[in-house]
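So the structure is just underneath, and the comments pick up after that.
Rule-based calculations on the coordinates, nothing more; no lab input. Since we're looking at a predicted model, the values are computed, not measured. Reconstructed Cβ throughout: ideal geometry from the backbone, glycine too, with neighbour counts over all protein chains shown.
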Amino acid sequence: TGGGESTNYGILNYGNRRNITIKNFGNIINFSKGIYLDNVNDSSVQNNTIDFNCSQDTYGFYLGSMSSNQIINNTIDLYCPDDYSLAGLLVNYQYFNNNTINDNSIELYTLAVDSSAFGMRFLGTSDFGYNVIQNNLINISYSDNSGYGIQGAGGSNCTISDNAIWIRSFSVAEGIKFTGANNFTFHNLTLNIHKTTDALWGTGLYLSNVW
């Protein structure tokens, strides 16, 4: 159990690591970053539970550059009553390739006016390829600023399929948003987007400059 400080990590692992298994941690509670991994390859993260009441920008998973990893069957539950950004899984990378993100459950609940919530958010260069994002459940409730199920920019040859996304937002609500992507496959998605009458816009699948 952590105190929620900005440098507070539940699990921290970085620096050219391989063949690591992070499994069956049932109580990763109240850290600003639940599981932080960077420059980790050929590894597995599965069956972990992350549960936060946030007091700042908070991330269930915070991932850097990675390849050939499996992130499977994790449960992330984040609650934020204040003006912060939440992400179930944030990837801020130089490269992110051949990774599998499957069967995860992400629940985000936020009430504040300037808060934003992202189920999965991918930030970085275009070196984002051959990743599979499949059979994940994302539920974002009462995001007062904006709510995004899966958001990314750039990359090629990725598959996003069989994911179920529910968003209830008072402002912008977008189920899946990708820009500048090449040869992506989107298949068998359940996108349930509900916005209040004063919301700016709501979109199930938003693709721009995708070919």
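Leaving out same-chain residues fewer than 8 places away, which lysines sit with a Cα under 25 Å from that of K33?
K23, K177
Multiplying the sequence separation of W211 and K23 by 0.36 nm and subtracting their Cα-Cα distance, what value in nm do you get?
Result: 64.0 nm gained on full extension.
Under a point-charge model restricted to the Cβ atoms of Lys and Arg (+1) and Asp and Glu (-1), what is the dipole moment magnitude of the chain relative to its Cα centre, in debye to the nearest 20?
Result for the chain is approximately 460 debye, rounded to the nearest 20.
If a cysteine in the chain has no other Cys Cβ under 4.7 Å from its own Cβ, put it on the list, ordered by number.
For the chain, the answer is C158, because their Cβ atoms have no other cysteine Cβ under 4.7 Å.
Measuring from a point 7 Å past the Cα of Q46 along Cα-to-C-beta, which residues in the stretch 58-101 have an amide N at less than 11 Å?
Residues 70-74 qualify, since their backbone N sits under 11 Å from the label point.
Above 30 Å lies some portion of the pair distances; for the chain, what is it as a whole percent of all C-alpha pairs?
Across the chain, Cα pairs with separations above 30 Å total 15 percent.
Let me check I've understood the local charge: for Q134, count other residues with C-beta under 12 angstrom from its C-beta, Lys and Arg +1, Asp and Glu -1. What total comes out?
Its environment carries a net charge of -2.
Would you mind calculating the gained length between S161 and D82 on full extension (0.36 nm times residue separation, minus the Cα-Cα distance), in nm to one decimal?
That works out to 25.2 nm of additional length.
Take the alpha carbon atoms of the stretch 1-74, find their center, do the same for the stretch 144-194, and report the distance between the two centers in whole angstrom.
After rounding, the separation between the Cα centres reads 22 Å.
Mind checking the full-extension length gain between Q94 and D127? Use 0.36 nm per residue of separation minus the Cα-Cα distance, one decimal, nm.
Length difference between fully extended and current span is 11.2 nm.
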